[in-house]
Amino acid sequence: MINERMLGLGKQPNPIRVQFAYGLQRKAEIGEENVYDLSIGNPSIPAPPAVRERIEQLLEEPPEQLHAYTMAAGAMSARQAVADNLRRRFGIEATANQVYLTAGATAALYIATAAITHPGDEVIVNAPYFTEYKVMAESAQCTCVEVPMRAADFQLDIDALREAVNEKTAAMVINSPNNPVGCVYTEQNIRDLAKMLEEKEAEFGHQIFLISDEPYREITYGAEVPFTANFYRDTIVCYSWAKSLSLPGERIGYIYASDRMENAADVAAAVGGAGRALGFICAPVLFQRVIETCIDEPTNVDAYAENRAILTGIMDDLGYEYIQPDGAFYLWVKALEPDSKAFCDRAKAHDLLLVNSDCFGVPGWARAGYCVSADTIRNSRKAWAALKADYE
């Protein structure tokens, strides 16, 4: 018989991608310029020129070598490039053996969760959180425990997390800069979290892993993003170049199981075993090779900053409430009614595509992605105005 859980996931796919698919259909019907698709995190900024140059250079190599398998964890040269980058930037004594290349951050998260949990364990997430965290935890036969962030500033609520951690807690997932809110956890917030988790490890006598999901690490507007592995020993970093190098469709990222862990080698081996069990081995080889030389390419944050200014200007002019994002490229907008899905459905009627906050584990908000063209954001003003008029 068909797996009923998988059937359910197939019939109710990720709501972000549902909106995105609708947007593609709608653009074909009425023209791309008439649809304001702020649903999905698809960077509109092109990849750095160095990426194309590297691809063209690689295509001159013999194809039987270029397209051949690497080791399951990835080419050692690419893994070394990641380790070197982490050492240079964050001062952590990273080694290539602790790096596992993946098909993007989502694969990294699934592998990491499978590597360090057992059926019946609990995985804590901080709400609002990326939609797939719950699916990820439940796929590992764990319970997903949702803990709201602080309402005043969307920082981690250490007291609430302390209450949630128990003997069944295997891991906690954090995401900074955060999707969907755009908040960046401060160094003090991370230090307080690390201290609490260390106390809980001592109390319960087992490791509690911190899975740090960091695909937006490079996209900030002046805020410093603490490197979590420098503050908490039992950290596993999941990263993707989808946003920083504008390569979302190429699915290339990594897991770094911190060398600071007492059982670092065993955790890295478990990561490799989970990758094998889940079928996530040998990440796309062409882009493994691209990353070797492009890993230090800067992200064009200025374009996102401009888009942020345009969109928040529209919000201010029209009287919408929102959270000023310190990172990533999403605006967390207060819905004009308690039912966020109904609010986003009304927006959809004006061809303004948002993502309702219920998808992220909280009611009453909507996520608007501003990684689209500046013209799309400017032109969306009339849809935002019409939406506001619906409630007046």
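The values are calculated or read from the model by the stated rules, or taken from the named source; none is laboratory data. Worth saying up front: this structure is predicted, and the values here are computed from it rather than measured. Neighbour counts are summed over all protein chains in view; Cβ atoms, including those assigned to glycine, are modelled from backbone coordinates with ideal geometry.
Here are the numbers for this structure:
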item: Single condition PHE227 does not satisfy, out of (1) hydrophobic (A, V, I, L, M, F, W, C); (2) more than 20 Å from PRO46 (Cβ to Cβ); (3) surrounded by 24 or more Cβ atoms within 10 Å (Cβ to Cβ); result: (3)
item: Checklist (1) surrounded by 20 or more Cβ atoms within 10 Å (Cβ to Cβ); (2) touching a Gly at 6+ places or on another chain (Cβ under 9 Å) applied to THR169, failing item; result: (2)
item: Where THR299 falls short, out of the listed (1) at pLDDT below 95; (2) touching a strand residue (DSSP E or B) at 6+ places or on another chain (Cβ under 7 Å); (3) not small (Gly, Ala, Ser); result: (2)
item: Top-ranked residue in the stretch 185-208 [being over 14 Å from LEU161 (Cβ atoms) and under 20 Å from the mean Cα position of the chain (by Cα); ranked as surrounded by the most Cβ atoms within 10 Å (Cβ to Cβ)]; result: THR186
item: Scope the stretch 57-70; condition of a type in the set (A, V, I, L, M, F, W, C) and surrounded by 14 or more Cβ atoms within 10 Å (Cβ to Cβ); matching residues; result: LEU58
item: Hits in the stretch 114-137 (condition: over 18 Å from the mean Cα position of the chain (by Cα) and not aliphatic (A, V, I, L, M)); result: THR117, HIS118, PRO119, GLY120, ASP121, GLU122
item: Residues of the stretch 118-135 classified as surrounded by 23 or more Cβ atoms within 10 Å (Cβ to Cβ) and polar (S, T, N, Q), total; result: 1
item: Residues located in the stretch 355-378, provided they are surrounded by fewer than 23 Cβ atoms within 10 Å (Cβ to Cβ), outside any helix (DSSP H, G or I) and of a type in the set (Val, Ile, Thr); result: VAL362, VAL372
item: Top-ranked residue in the stretch 139-191 [being of a type in the set (Gly, Ala, Ser) and in a loop (DSSP other than H, G, I, E, B); ranked as nearest to GLU218 (Cα to Cα)]; result: SER176
item: Failed criterion for ALA115 (all others in (1) crowded, with 21+ Cβ neighbours inside 10 Å; (2) at pLDDT below 95; (3) not β-branched (Val, Ile, Thr) hold); result: (2)
item: In the stretch 317-331, the residues that are surrounded by fewer than 24 Cβ atoms within 10 Å (Cβ to Cβ) and either under 26 Å from SER246 (Cβ atoms) or not assigned by TED's automatic domain parsing to the domain that holds GLN19 (or both); result: TYR322, ILE323, GLN324, ASP326
item: Test: residue in the stretch 339-349 that is under 20 Å from ASN179 (Cα atoms), surrounded by fewer than 22 Cβ atoms within 10 Å (Cβ to Cβ) and basic (Lys, Arg); result: yes
item: Qualifying residue in the stretch 83-91 (condition: within 30 Å of ALA347 (Cα to Cα) and in a helix (DSSP H, G or I)); result: no
item: Single unsatisfied condition, LEU109 versus (1) in a helix (DSSP H, G or I); (2) in contact with a Leu (Cβ under 8 Å, 6 or more places away or on another chain); result: (2)
item: Filter pass, PRO15 being at pLDDT 85 or above, within 30 Å of LYS341 (Cβ to Cβ), surrounded by 12 or more Cβ atoms within 10 Å (Cβ to Cβ) and not assigned by TED's automatic domain parsing to the domain that holds GLY249; result: no
item: Entirely in the stretch 1-78, the helices (runs of 4 or more DSSP H) that have 3 or more residues that are over 30 Å from ALA94 (Cα atoms); result: 4-11, 15-30
item: All positions within the stretch 262-306 that are buried (at least 19 other Cβ atoms within 10 Å of the Cβ) and among the polar types (S, T, N, Q); result: GLN288, THR299
item: The stretch 121-145 residues that are assigned by TED's automatic domain parsing to the domain that holds VAL181 and within 20 Å of GLN155 (Cα to Cα), paired with ones that are of a type in the set (Gly, Ala, Ser) and surrounded by fewer than 23 Cβ atoms within 10 Å (Cβ to Cβ) (beta carbon under 6 Å, 6 or more apart); result: ILE124/ALA164; ALA127/GLY361; PRO128/GLY361; TYR129/GLY361; VAL145/ALA164
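Residues checked against (1) within 30 Å of SER380 (Cβ to Cβ); (2) free of Cβ contacts under 8 Å to residues at least 12 places away in the same chain:
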site: ASP213; (1), (2): yes, no
site: THR220; (1), (2): yes, no
site: ARG260; (1), (2): no, no
site: ALA269; (1), (2): no, yes
site: GLY279; (1), (2): no, yes
site: THR293; (1), (2): no, no
